Amino acid sequence: MAEFTYSVDADGVATITWDVPGKSMNVMSLQGFDELETHIDAALADEAVKGIVLTSGKKDFAGGMDLNIIARMKEDAGDDPARGLFGGIMKIHALLRKIERAGMDDKNKGGKPIAAALPGTALGIGLEIPLACHRIFAADNPKARIGLPEIMVGIFPGAGGTTRLVRKLGAMGASPFLLEGRLSAPAKARAAGLIDEVCDDPAAAARDWVLSGPNIVKPWDEKGYKMPGGAPYHPAGFMTFVGASAMVNGKTKGVYPAAKALLSAVYEGALVPFDTALKVEARWFTNVLMNPSSSAMIRSLFINKEALEKGAVRPADIPDLKVQKLGVIGAGMMGAGIALVSAQAGMEVVLLDQSQDAAEKGRAYTADYFDKGIKRGKATPEKKQEVLSRITATTDYGALSGVDLVIEAVFEDPAIKAEVTKKIEAEVGPDCIIATNTSTLPISGLATASERPGQFIGIHFFSPVEKMLLVEIIKGKATGDRAVAKALDYVRQIRKTPIVVNDARFFYANRCIIPYINEGIRMVGEGVAPALVENAAKLVGMPLGPLQLVDETSIDLGVKIAKATRAAMGDAYPDDAVDDVIFWLAGEGRMGRKSKAGFYTYDAAGKRTGLWEGLAAKYPPATSQPEVSEVQHRLLFAQVLEAVRALEDGVLMDIREGDVGAILGWGFAPWSGGPLSWLDMIGAARAVDLCDALTKRHGPRFTTPPLLREMAEKGETFYGRFAPDKAA
Ligand code: NAD
């Protein structure tokens, strides 16, 4: 079935309409490229055609390219995948350049105007194709998003978007769109020069324009073209490029190959003619696509994230269980956030606490959130009222009548949670699913308070709820499939990414992040310079060093978790050395950011000002400091070994969830694609060597898990062994 259709009207306007059958959003495929080229050729060859309008049959223009195309190009090239990629990319460049030249000769004579008419969102290749057209018209649709988000999944706009945008806006003007993947509504995109016109009926406006006999020569195809803001050897351009280099390296710490390659493509491309610049862009794009980091990022952050959001692990055969009315018990920090995101998604929410004041305070969180949005022009008073009107603050369990899901977020105390569960069950209907947001208490234990443990489940949010993208769904021993399906349908409603794991101490995310924090603290106790610990973590792509992270989550929470873990583990408890440090800090009243004192110092406004010098007095840095790589291996293996053990123990049931959950849940070095992708990248054999060496130097917490050793012996990878069809 055709993805593009073609028609010519009586005035000689050819309309090429992109409308991929059976999909709500156009996504570019190899077949799509071929069809587009056939129609462009037909229109350019037909003397009756005066101009061409490229538009979409859907409410949006396009969401981007099917990234599986990249894998296909590599595979089709057999043992020379780089050549296959480069060839495939140059073919796309040739098509877009054909659109841009539109039949003009060397002297820029002849040719037919081609306009793009965007009814809505245009992302990635969905903007790169319009950028090759002669004018871009977009509907005045504030919900539409226009931009080049490629950098977010570890690549960069490689179908001419980089080269064209830099020539259109200058390096400085293009940088937020290329380097940050900024997406804009049409009016803003026009103001920035990304597109040319915003109007009510873009297809009609585009049609009028192509018939008006416009100049269609792109500035960079004119003689004497000068890049806006100056090319690299121009004094102004020089400043831009030096600044951009510093900024990119400062932000990425050099671990994201795409950002570096993008800069190189822009810099080198700016020094040569347009067609050579496209070739330079294609070479750098090939370079990025051949880097294992980009394959791993695409796999985790694009393909698998989307698969999980679409219900890849949802029990089959259970009809849609969308939540209509939600109960939230406990209107504290978490409950208030859960009420906010749920009401935003259109659910009726009953927000219940012990006192009316506490319940109202939780509801006021939504009001505050919208007030901040209104100030920044991102929300309206009407929207605030609409969302607030869906939240009922109460102390009355009777208000739970008719709810189909309840999420409990009261104090972390099994007795209180048990009592609350009983009160909920006395009011709700027999089909209602009951979830707990506990972060440390086993779900199977809490379920014993329930009359219907099959309908009891963990839905674990991360803080702050409205910002964090991951939700961990935890199955207790008795949890049934309906509860899992309900939790997944709910998470889809609030547009977050779910992972489903089995019940075990700290579930998945906290199980892996706690050893990271502890390893950092342990090093301070050993005399490793705190700045080395923090910087080594950031240089390997962790968003926060372990000491900053514990300051953010609070030292007293760390103390509480340590005490509970010791109580549960008894003599096997391995973290005395860590406790020495944090118990001392807690004793000094340094509870982290909230008390404006922790591993770091803070000013009166709560802004971090530096590592606390008092640490050095108590734990003087040793005269001989470890290599950065040694610190990094300790910090990384502390996390990835827990991920492997979680897989061995059956807590993780799907390696995709292990990787996606790690990046979205605690920011595990996103360039790696996640802990299991990282192990695949370095290879099981090298991972075993590193673990064995770390075990010798630092003790049994680095013991190689049997699964990893077996994989090393057999030469296996995680994605090869556990998800052969999902290997990138
Ligand atoms: P919080 O102290 O901010 O809020 C708890 C709320 O529950 C309070 O408003 C309290 O009045 C209310 N409450 C206590 N007993 C109640 C009862 N019997 N009936 C009704 N309301 C009652 O705590 P929080 O940080 O929002 O955490 C709540 C839960 O979420 C805990 O189980 C915690 O482990 C979990 N959690 C917390 C975080 C986090 O970062 N804070 C993250 C994930 C999960």
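The values are calculated or read from the model by the stated rules, or taken from the named source; none is laboratory data. What you see is a predicted model; the values in this text were computed from it and never measured. Here the Cβ is made from the backbone with ideal geometry for all residues, glycine too, and neighbour counts use every protein chain on show. When the accessible area is computed, the model is the full protein with side chains, heavy atoms only, and any ligands, DNA or RNA have been set aside. Shrake-Rupley method; radii C 1.70, N 1.55, O 1.52, S 1.80 Å.
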Practice task
Provide a single number: the residues in segment 554-575 that are without any contact (Cβ under 8 Å) to a residue 60 or more places away in the chain and under 19 Å from PHE599 (Cβ atoms).
Solution key: 9
Practice task
Collect the residues in segment 331-379 that are within 12 Å of the ligand (Cβ to nearest atom), touching a helix residue (DSSP H, G or I) at 6+ places or on another chain (Cβ under 8 Å) and closer than 19 Å to VAL471 by Cα, keeping them in residue-number order.
Solution key: ALA331, GLY332, GLY335, ALA336, GLY337, ALA339
Problem - Hey, ALA307 of a type in the set (A, V, I, L, M) and in contact with a helix residue (DSSP H, G or I) (Cβ under 8 Å, 6 or more places away or on another chain) or not - result: yes
Completion exercise
Looking across segment 450-475 at residues that are within 15 Å of VAL410 (Cα to Cα) and small (Gly, Ala, Ser), the single one that is modelled with the highest pLDDT is GLY458
Exercise for the section: Restrict the check to segment 684-706 and report whether at least one residue is under 27 Å from ILE69 (Cβ atoms) and within 28 Å of the chain's Cα centre (by Cα). Expected result: no
Practice task
Go over the candidates GLU382, GLU408, GLU386 one by one and state the one that is out of contact with any Leu (no Cβ under 7 Å at 6 or more places or on another chain), near the ligand (Cβ under 10 Å from one of its atoms) and among the acidic types (Asp, Glu).
Solution key: GLU408
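Return the only residue of ALA426, ALA447 being in a helix (DSSP H, G or I), more than 13 Å from the ligand (Cβ to nearest atom) and over 30 Å from CYS512 (Cβ atoms).
Within the list ALA426, ALA447, the selection yields ALA426.
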Problem - helices (runs of 4 or more DSSP H) within segment 661-719 that include 3 or more residues more than 22 Å from PHE507 (Cβ to Cβ) and without any contact (Cβ under 8 Å) to a residue 12 or more places away in the chain - result: 684-698, 706-714
Practice task
Would you check if there is a residue in segment 63-81 being small (Gly, Ala, Ser) and either in contact with a strand residue (DSSP E or B) (Cβ under 9 Å, 6 or more places away or on another chain) or open to solvent by less than 20 Å² (accessible area, probe 1.4 Å) (or both)?
Solution key: yes
Handout entry: GLY170, sole failed condition from (1) within 24 Å of ALA94 (Cβ to Cβ); (2) open to solvent by less than 20 Å² (accessible area, probe 1.4 Å)
Key = (1)
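What do you reckon, is ILE416 hydrophobic (A, V, I, L, M, F, W, C) and within 14 Å of the ligand (Cβ to nearest atom)?
yes
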Problem - Considering residues of segment 380-398 that are open to solvent by less than 70 Å² (accessible area, probe 1.4 Å) and assigned to a loop (DSSP other than H, G, I, E, B) only, the residue modelled with the lowest pLDDT - result: THR380
Problem - Long-range neighbours under 6 Å by Cβ, at least six apart or interchain, first residue in contact (Cβ under 8 Å) with a residue 60 or more places away in the chain within segment 367-395, second open to solvent by less than 40 Å² (accessible area, probe 1.4 Å) - result: TYR369/LEU340; ALA393/LEU351; ALA393/ALA359
Exercise for the section: All but one of (1) closer than 29 Å to PHE507 by Cα; (2) open to solvent by 20 Å² or more (accessible area, probe 1.4 Å) hold for ALA447, so report the exception by its number. Expected result: (2)
Completion exercise
Of the listed residues (ILE99, ILE129), the one being over 32 Å from the mean Cα position of the chain (by Cα) and either under 21 Å from GLU35 (Cα atoms) or in a strand (DSSP E or B) (or both) is ILE99
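Conditions (1) surrounded by fewer than 20 Cβ atoms within 10 Å (Cβ to Cβ); (2) under 30 Å from the mean Cα position of the chain (by Cα), marked per residue:
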position: SER342; (1), (2): no, yes
position: VAL349; (1), (2): no, yes
position: GLN356; (1), (2): yes, no
position: GLY402; (1), (2): yes, no
position: LYS417; (1), (2): no, no
position: GLU427; (1), (2): yes, no
Handout entry: Test: PRO442 is more than 25 Å from LYS322 (Cβ to Cβ), within 16 Å of the ligand (Cβ to nearest atom) and open to solvent by 30 Å² or more (accessible area, probe 1.4 Å)
Key = yes
Fill in the blank from the handout: Taking first residues from segment 400-413 that are under 12 Å from ALA339 (Cα atoms) and second residues anywhere that are assigned to a loop (DSSP other than H, G, I, E, B) and within 12 Å of the ligand (Cβ to nearest atom), the pairs with Cβ under 6 Å that are 6 or more apart or on different chains are ILE407/ASN437; ALA409/GLY330; ALA409/ASN437
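Given the options ILE474, ILE457, ILE434, name the one that is surrounded by 22 or more Cβ atoms within 10 Å (Cβ to Cβ), more than 10 Å from the ligand (Cβ to nearest atom) and closer than 18 Å to GLY665 by Cα.
ILE474
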Handout entry: Hits in segment 14-52 (condition: part of a strand (DSSP E or B), of a type in the set (A, V, I, L, M, F, W, C) and over 18 Å from ARG72 (Cβ atoms))
Key = ALA14, ILE16, TRP18, ILE52
Handout entry: Whichever residue in segment 358-379 is open to solvent by 70 Å² or more (accessible area, probe 1.4 Å) and part of a helix (DSSP H, G or I) and, among such residues, is farthest from ALA435 (Cα to Cα)
Key = LYS375
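Looking at ILE92, ILE155 in this structure, which one is of a type in the set (Val, Ile, Thr), part of a loop (DSSP other than H, G, I, E, B) and either buried (at least 20 other Cβ atoms within 10 Å of the Cβ) or touching a Leu at 6+ places or on another chain (Cβ under 6 Å) (or both)?
ILE155
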Problem - Any chance ALA646 is over 27 Å from ASP503 (Cα atoms), small (Gly, Ala, Ser) and in a helix (DSSP H, G or I) - result: no
Exercise for the section: Could you tell me whether any residue of segment 317-326 is under 23 Å from the mean Cα position of the chain (by Cα) and either within 16 Å of the ligand (Cβ to nearest atom) or assigned by TED's automatic domain parsing to the domain that holds ALA94 (or both)? Expected result: no
Exercise for the section: Output the number of the condition that GLY570 fails; it satisfies all remaining conditions of (1) of a type outside the set (Phe, Trp, Tyr); (2) closer than 18 Å to THR440 by Cβ; (3) open to solvent by 70 Å² or more (accessible area, probe 1.4 Å); (4) more than 16 Å from the ligand (Cβ to nearest atom). Expected result: (3)
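Would you tally the residues in segment 135-152 being assigned to a strand (DSSP E or B) and either charged (D, E, K, R) or surrounded by fewer than 19 Cβ atoms within 10 Å (Cβ to Cβ) (or both)?
Result for segment 135-152: 1.
If you go through segment 516-532 one residue at a time, how many are open to solvent by less than 30 Å² (accessible area, probe 1.4 Å) and part of a helix (DSSP H, G or I)?
Start the filter on segment 516-532 by keeping residues that are open to solvent by less than 30 Å² (accessible area, probe 1.4 Å), which leaves 516-524, 527-530.
From the residues that got through so far, the ones that are part of a helix (DSSP H, G or I) too are 516-524, 530.
Count: 10.
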Practice task
Can you work out which of the residues in segment 42-69 that are of a type in the set (D, E, K, R) and in contact (Cβ under 8 Å) with a residue 12 or more places away in the chain is farthest from GLY147 (Cα to Cα)?
Solution key: ASP46
Fill in the blank from the handout: Exception for SER264 within (1) touching a residue at least 60 places away in the same chain (Cβ under 8 Å); (2) within 34 Å of the chain's Cα centre (by Cα) falls at (1)
